[in-house]
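Beneath this line is the structure, given in structure tokens, with notes to follow.
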Amino acid sequence: MDKGLGAGIGDIISHFQNSSCSDGVQEPCIWASPGGARKIDIGKQIFCNRSLNMKNIVAVGFDMDYTLAQYKPETFESLAYDGTVRKLVYDLGYPEELLEWSFDWKYMVRGLVLDKKRGNILKMDRHKYVKVAYHGFREMSKEEKVEAYGNTLIRDAFDEPDYALIDTLFSLAEAYLFAQLVDFMDNNPGKDSKSTDYVRMYKDVRAAVDLCHRDGTLKQMVAKDPKTYINEDRSIVPMLKMLRESGRSTFLVTNSLWDYTTIVMNFLCGSHTLDGGITCNSDWLLYFDVVITGSAKPGFFHEDNRANLFQVEPESGMLLNTDNGTPMPQVGDISPGLLLKEKNGTCRIFQGGSVGHLHKLLSIESSSQVLYVGDHIYGDILRSKKVLGWRTMLVVPELEREVELLWELRDLRKKLHLLRNERDLIEDQIHHLKWSLKSEGIDVDEQRKMCTRMDDLEYQRDKARLSHQEAQRECHQKFHKVWGQLMKTGYQNSRFAHQVERFACLYTSQVSNLSLYSPDKYYRPSEGFMPHEFEIIPL
Ligand code: U5P
């Protein structure tokens, strides 16, 4: 039953409109649901782009890294950064100065695009109009931006191989290092024979980061001390239990391999000892019907993918062939020869395979019965939704702070909109007056009056432009000193927001926010407005 636990956007807009904060008092970010049944902090709400009736969902699946496991970028990405620098210096012969560099983990944000050829980092709006651009760490002027990206044909590209999308939190360290290297190369021409061009530099950084993920540089450290690198979240287990008690199957599909997956999942879902430690066992498997590790997403989502599926023996990590000519077992079937030492005989652990295998294992009849929760638009969400037709939920940890700021800055944003309207109004008057001045039959006196009026309007316009620019800069910097608001670029949705809107049926800040809503909730989107409708919103 849909209990309507969350507030609709209408509540939020009307709250926004009715609230007066002229006394400077900050109200908490809590929104009452229409029925007054429950309050959900806006930072923890699930937002809906496309209707989704949970009653039609029979299986809920999860990605692991940066979805169930929220890494602490200050430690985890710093580790990736340090490891990458060492590989660049010791394996690829980059100058030793790099070892003295440090990483500002807050500098880069998701949704940016790296221009590998030009050494630029860009933030663009949904029309791929480049609004913010840096060459290394130097802000580019408007003229530079127009020259490089003003052409619509160039704008159509902005994809691999010439551009790299910073669309996972895993990419923050490499984006930062790329900017540092661009600066370094510009300031030391010819010093480093290895980094002869930006494209090569990017390729080296990408390969070195990837190697850190694969050769144990990162994972051994995390395994030794997960608490330092991953946020604890005690609400994941209740959320998984709730879904399973509601009759849904649950599954995990991760690109991480079994040995690492079990460490991370045990940290997140394992039983806690009295002293706050974690008992190391496989209890976490109780919360899943199927676990697929080493899934090689996004290829996993292609139905014609012929990757072999191996069963994982949990204690030894040994891989067992599943392709012995017998049909794939369904959930509930226990085939002792194939299913070794599995908890309750229910959760099956695999490596590889493809979505076809998963559908068989879970007896999925239609892909629209599956909800998959992930953090990566390309790796998790776009392919699963577009290629496959799964329903999707995107986890955007940045959202919690973003909505808090939207609330805190409501006065400034109101002022910004008023200033923009004022500027536009004056500009319209000026254009109108210019045309009037061109008309025939205006006598000299009238002309003089009109010119004085024009001078006055131009003065007002310049003032309004300046105030608007100042307010815009202030607002931009309050969200992020360099890149501004994650979901907006100027007055338009950012490219990132546009992708969220197109590919994620639902989006929220944390995976465990699912437990704040009924497992049978009917998620409905807010009404979408065309610009002409904004004039007459029926609130
Ligand atoms: N990963 C890489 N290379 C990268 C970034 C991430 O191999 O450049 C790995 C992570 O270490 C993790 C997996 O094991 O990809 C992401 O898994 P998941 O998001 O599917 O859970």
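Bear in mind that the values in this text are calculations on the coordinates, not laboratory data. What you are looking at is a predicted structure, and each value in this text was computed from that prediction instead of being measured. No Cβ is skipped: glycine too gets one built from the backbone with ideal geometry, and neighbour counts run over all protein chains shown.
Overview of results
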| item | result |
| --- | --- |
| Normalised contact order of the stretch 400-485, rounded percent, pairs of Cα under 8 Å and 6 or more residues apart | 43 percent |
| The stretch 74-224, relative contact order in percent, only Cα pairs under 8 angstrom and at least six apart counted | 32 percent |
| Base-10 log of normalised Debye intensity for the stretch 400-485 (one unit scatterer per alpha-carbon) at q = 0.21 Å⁻¹ | -0.93 |
| Net charge of Cβ neighbours under 11 Å - reference residue 103; Lys, Arg +1; Asp, Glu -1 | -4 |
| Hits among aspartates and glutamates - C-alpha to C-alpha of residue 360 under 13 Å, sequence gap 8 or more where chains match | 289, 303, 333 |
| Cβ-defined net charge surrounding residue 510, 9 Å radius [Lys, Arg +1; Asp, Glu -1] | -1 |
| Cut-off under 5 Å, modelled amide H: who pairs with residue 124 long-range | 131, 495 |
| Ranked 52, 257, criterion: other C-beta atoms within 10 Å, fewest first | 257, 52 |
| Residue order, fewest to most beta carbons within 10 Å, for 67, 75 | 75, 67 |
| Spatially near lysine pairs across the stretch 400-485, Cα under 27 Å, sequence gap of 8 or more or different chains | 13 |
| The stretch 384-539, Cα convex hull volume normalised per residue, Å³ | 184 Å³ |
| Ranked list, fewest to most other Cβ atoms within 10 Å of each Cβ, for 426, 442 | 442, 426 |
| Added length on full extension, which subtracts the Cα-Cα distance from 0.36 nm per residue, residue 366 to residue 534 | 56.7 nm |
| Pairs of Lys in the stretch 165-246 closer than 27 Å at Cα, counting only those 8 or more apart or on different chains | 5 |
| Once the Cα gyration tensor of the stretch 74-224 is diagonalised, semi-axes √(5λ) in Å | 27, 18, 13 |
| Charge context of residue 535, other residues only, Cβ under 15 angstrom, K/R +1, D/E -1 | -3 |
